[in-house]
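**Student:** I'd like to ask you about the structure that follows.
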Amino acid sequence: MDVQATTPLDPRVLDAMLPYLVNYYGNPHSRTHAYGWESEAAMERARQQVASLIGADPREIIFTSGATESNNIAIKMESHSVAQAGVQ
């Protein structure tokens, strides 16, 4: 029953992602070519959709490659917040 490492893929997600896995596979951070522009636009649409679903600002939505990166960002952000508040 452990699905942390291998979660079943919702068919709707596959349908939405398939064009970006086959045709539009550019790095969204590469701003010098159309592949990157298309991927960046898709990422921003996804960011907006997620933000809208949870009532957040799109700038608060950060996509990561996995748990380690996500945990690292969370720890750094919390450390920064504590330092800004002057808590010791």
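**Student:** Could you state the principal axis extents of the C-alpha atoms in region 11-86, from the largest down, to the nearest angstrom?
**Tutor:** 49, 29, 22
**Student:** Another question about this same structure. List, in order, the whole-Hz ³J(HN,Hα) value for each residue of region 15-26 obtained from phi through the Karplus relation with A = 6.51, B = -1.76, C = 1.60 and θ = phi - 60°; use x for Gly and Pro.
**Tutor:** Residue by residue, region 15-26 yields 4, 6, 8, 3, x, 7, 8, 10, 9, 10, 9, x Hz.
**Student:** Per residue of region 58-63, what does 6.51 cos²θ - 1.76 cosθ + 1.60 with θ = phi - 60° give for ³J(HN,Hα)? Whole Hz please, x for Gly and Pro, Karplus curve as stated.
**Tutor:** Ordered by residue, 3J(HN,Hα) equals x, 5, 8, 8, 10, 8 Hz.
**Student:** Through the Karplus equation 6.51 cos²θ - 1.76 cosθ + 1.60, θ set to phi - 60°, convert the phi angles of region 34-50 into ³J(HN,Hα) values in whole Hz; use x for Gly and Pro.
**Tutor:** Couplings: 4, 4, x, 4, 5, 5, 5, 4, 5, 4, 5, 5, 5, 4, 5, 5, 5 Hz.
**Student:** Still on this structure, please answer the following. What number, rounded to the nearest 500 deg cm²/dmol, is the helix-based mean residue ellipticity at 222 nm of the chain, given -39500 (n - 2.57) per DSSP H run of at least four residues and division by all its residues?
**Tutor:** Computed ellipticity for the chain at 222 nm equals -20000 deg cm²/dmol.
**Student:** How much FRET efficiency would the formula 1/(1 + (r/R0)^6) give for Y25 and V50, where r is the Cβ-Cβ distance and R0 is 22 Å, rounded to 0.05?
**Tutor:** Given R0 = 22 Å and the Cβ-Cβ separation, E is 0.55.
**Student:** Accessible area per residue of region 1-59 at 1.4 Å probe, in Å²?
**Tutor:** Accessible surface, normalised per residue, equals 85 Å².
**Student:** Take the solvent-accessible surface of the protein heavy atoms, probe 1.4 Å, and return the percent of it on region 11-86 that carbon and sulfur atoms account for.
**Tutor:** 58 percent
The values are calculated or read from the model by the stated rules, or taken from the named source; none is laboratory data. Fair warning: this is a prediction, and the values are worked out from it, not measured in the lab. Glycine gets a Cβ as well: all are built from the backbone with ideal geometry, and neighbour counts include every protein chain shown. Remember, those area values only see protein heavy atoms, side chains included, never the ligands or the DNA or RNA. Shrake-Rupley method; radii C 1.70, N 1.55, O 1.52, S 1.80 Å.
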